[in-house]
1. Can you figure out the FRET efficiency of VAL181 with PHE159, using R₀ = 30 Å and their beta-carbon distance, to the nearest 0.05?
2. With helices defined as uninterrupted DSSP H runs, which ones in the chain have an alpha carbon span along their own long axis of at least 18 Å and mean Kyte-Doolittle hydropathy of at least 0.5?
3. Quick check: at a probe of 1.4 Å, how many percent of the accessible area of the chain sits on carbon and sulfur atoms?
4. Which whole number in µm²/s is D for region 7-46 by Stokes-Einstein, with the Kirkwood Rh taken over Cα pairs at 10 °C and 1.306 mPa s?
5. Assign one of three labels to region 170-211, namely rounded, prolate or oblate, based on the Cα gyration tensor with a ≥ b ≥ c the square roots of its eigenvalues; rounded applies when a/c is under 1.5, prolate when it is not and a/b is larger than b/c, and oblate otherwise.
6. Taking only Cα atoms and a 10 Å spring cutoff, compute GNM fluctuations for the chain and point out the largest among ILE120, ILE183, ILE157.
7. Based on alpha-carbon atoms only, what is the radius of gyration of the chain relative to the globular estimate 2.2 N^0.38 Å?
8. Give the accessible surface of region 111-211 per residue, rounded to a whole number of Å², with probe radius 1.4 Å and ligands, DNA and RNA excluded.
Amino acid sequence: MALTLEDVGRQCGVSRSTVSRVINDSPLVNKATKERVLKTIKELKYAPNFIARSLTKNCTETLAVTLPDITGGVFPEILAGMDETASQRGYHLLVVFLGGARPKSSAVERLISHRRVDAIVTVASTVDDNELIQLAEWDMPMVCVAHKSPLINIPCILFDDAGGAAEATRLLLARDRRQIVHIRGPRDNFDADERARGFRAALKKRVFPSM
């Protein structure tokens, strides 16, 4: 049988609520009592019931991250940075891969409707604008990374794709390259659109320097 808060409290001579406060790092428990409870928890190998704790706190301490894949590009670095920051604040990441032909909004909507996560971070174009607008109706915090948000109440973090493409093009032009080809991404991809814009802007600036 799994240990309960009552078992821990009985073992170290405190109430169930005191044990709960220690687990939740409440400042209402004095140092000596906290150390005694933590020692008992360690000795008994007690692990809090995550589901019950989530219901009590109305918080899962979990963030959902949607990714197209993890095989290349900047996605592994983005995920590593998010995981480091989340763990520093006591949160875990639930990674949902939505690349290729996988169903998109339905998978994310289930996480929201079942209250399995506290917030959603969509990376790149894993969830399109129409789906984001539908998901926003659930009133759950969301952030778009590397994808322009369709709604003002959903913040977004964008790369300077246009600036990067323009800089690369200027570098080639400075090395006297004249036949430059830009291979762009999909037509409905914001990043691809921005890179193409930067490429064209650098060429235009070279041909019409006064503009």
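The values are calculated or read from the model by the stated rules, or taken from the named source; none is laboratory data. It should be emphasised that the depicted structure is a prediction, and the values quoted were computed from it without experimental measurement. As a convention, Cβ positions derive from the backbone with ideal geometry for all residues, glycine included, and neighbour counts pool all protein chains shown. Just the protein is used for accessible areas: all its heavy atoms, side chains included, with ligands, DNA and RNA removed. Shrake-Rupley method; radii C 1.70, N 1.55, O 1.52, S 1.80 Å.
1. 0.85
2. 161-174
3. Answer for the chain is 55 percent, counting heavy atoms of protein chains only.
4. 164
5. oblate
6. The residue that fluctuates most here is ILE183.
7. With N residues counted in the chain, Rg over 2.2 N^0.38 Å equals 1.48.
8. Roughly 65 Å² per residue, with all protein chains present.
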